[in-house]
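Student: Have a look at the structure that comes next, please.
The values are calculated or read from the model by the stated rules, or taken from the named source; none is laboratory data. These numbers were taken from a predicted model, which means no experiment stands behind them. Note that we place each Cβ from the backbone using ideal geometry, even for glycine, and neighbour counts take in every protein chain shown. These area figures cover heavy atoms from the full protein model, side chains too; ligands, DNA and RNA do not enter into them. Shrake-Rupley method; radii C 1.70, N 1.55, O 1.52, S 1.80 Å.
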Amino acid sequence: MNKTSPHEHRIPINRKESFYTGTIFPMLAAEGGFEALRRIITEVYPASLDIPLLKKPWRQGWDMQFFTEYSLKESIVPDMPNKMFENIELSGSKETPDIVLYFYPNDTQASPLRGTLVGIEAKMFTQPSLPDLEGQISAQRQILQQMSEKLDNCDLYQLVLIPEETIKKYDEQKLSDSVQKGRFQGWLTWNSVLDAWQKANGDYASPAGLFAKDLEFALENFDSLVSEVSRSGQNCDAKLTGKAIYNGFKEGSTDFAYKIMGCSGGLNGNRLNNHIEKSEWQYQEYEVSNQHEPFNHNWFSIDDFVKKIDNRCPKSDDH
């Protein structure tokens, strides 16, 4: 008798990265009174971060803020206690880390220790090139460094959260080189997040267990779930970042012969709109082709793409 898969009669798994960063990560990290988060941070490569709050006993003299999909610009409003952020310079990059953690002493006046700000850029099923990922993190640093300065020059760490399969694509040595060059301070994997939750006595029968099962399924089926456009490849002549496509078209060079590009959902689909809204389009890789006519509903003209960028970003802040 064949065993029925527990996923056979379920709706398809959510592939949006915001689900993994905004729902799954907090649910698993909070396990055991944030014991799982302590384990996650101590498994950062190439070296664990020295954050006093994450050393036992938990929260003795320390506290934490835990935000996902954080936007400093949208968070600053008049007449709030933290007025020091009102005059912060936000006219540059609009990049936002997927996860922002701030660890700080309960009594900032009495404690000689500084707080620690951690920005985590997470990728699940999208796999930008390593230089493009570094560019995205560099853009986020513009905002995070200002936040750090406002928080009494607290320590700042920028981390990358990716599946183990993506490490194989990037090459672990190249990731180590990026850390040595200061482009970010370390990386961790979604696999280690799941492992940390399990070691913190995570129970699959608990509410958090529902999300652990989703992450486990996503990792086990990663090859099938990875970005549809990047895995198909049958129609493309090359893969370029949105920024390279935009600049190539604008410059009008004869070396740029591509006419159409692909993104799941097409020109007006949620995927591309989300890339533009979060300023990820510059670093996201898209398939391109020198054919004139779109192959299917996922393909559209580069001319229309450039017009869409110009209309959504009239001041060219994101170009």
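Student: Could you give the accessible area per residue of the chain, probe 1.4 Å, as a whole number in Å²?
Tutor: With the other protein chains kept in place, the chain gives 51 Å² per residue.
Student: Let me ask another. As I understand it, the value is the acute angle between the Cα axis of helix 302-312 and the longest principal axis of the Cα atoms of the chain; what does it come to in degrees, rounded to 10?
Tutor: 40
Student: Follow-up. With only Lys, Arg, Asp and Glu charged, each at its Cβ (+1 for the first two, -1 for the last two), find how big the charge dipole of the chain is about the Cα centre; round to the nearest 20 debye.
Tutor: Roughly 200 debye for the chain.
Student: Between Arg10 and Glu149, take the C-beta separation as r, use R0 = 45 Å, and let me know the FRET efficiency to the nearest 0.05.
Tutor: That gives a FRET efficiency of 0.45.
Student: Right, next: From the mean inverse distance of alpha carbon pairs (Kirkwood) and the Cα radius of gyration, derive Rg over Rh for segment 148-211.
Tutor: Numbers: Rg = 15.8 Å, Rh = 14.1 Å.
Rg divided by Rh gives 1.12.
Student: What is the calculated FRET efficiency for Lys169 to Val77, with r their C-beta to C-beta distance and R₀ = 35 Å, to the nearest 0.05?
Tutor: So, using R0 = 35 Å, E works out to roughly 0.30.
Student: Per DSSP H run of at least 4 residues, take -39500 (n - 2.57); add these up for the chain, divide by its residues and hand me the 222 nm value, nearest 500 deg cm²/dmol.
Tutor: Result for the chain, helices only: -10500 deg cm²/dmol.
Student: Angle between the Cα long axis of helix 242-251 and the longest principal axis of the chain, 0 to 90 degrees, nearest 10?
Tutor: In the chain, helix 242-251 runs at an angle near 40 degrees to the longest axis.
Student: Rank these by accessible area, largest first, 1.4 Å probe: Tyr20, Tyr258. It would help to have the intermediate numbers written out before the result.
Tutor: Values: Tyr20 0, Tyr258 60 Å².
The most accessible residue leads, giving Tyr258, Tyr20.
Student: If you take percent of Cα pairs over 33 Å apart from the coordinates, which of (i) 31; (ii) 59; (iii) 18 do you get?
Tutor: Of the listed options (i) 31; (ii) 59; (iii) 18, (i) comes from this structure.
Student: Something else now. Using a 1.4 angstrom probe with every protein chain in place, what is the largest-first accessible-area order of Lys16, Lys168, Lys278?
Tutor: Lys168, Lys16, Lys278
Student: Along the charge dipole of segment 76-214, which of Gly115, Trp187, Phe85 sits closest to the positive end, that is, farthest toward it, with unit charges on the beta carbon of Lys, Arg, Asp and Glu (+1, +1, -1, -1)?
Tutor: Positive-end residue among those listed: Trp187.
Student: Please report the carbon-and-sulfur percent of the accessible area for the chain; probe 1.4 Å, protein heavy atoms only, DNA, RNA and ligands left out.
Tutor: Working: 7440 of 16320 Å².
Result for the chain: 46 percent of the exposed heavy-atom area is carbon or sulfur.
Student: Could you sort Leu28, Leu49 by accessible area so the largest value comes first, with the probe set to 1.4 Å?
Tutor: Highest to lowest solvent-accessible surface, that is Leu49, Leu28.
Student: Another question, if that's okay. Past 21 Å, Cα to Cα, is the threshold; run Lys213/Lys278; Lys16/Lys199; Lys16/Lys213 against it and keep the listed order.
Tutor: Lys213/Lys278; Lys16/Lys199
Student: What distance in nm lies between label points placed 7 Å from Cα along the C-beta direction at Asp177 and Asn311?
Tutor: 4.1
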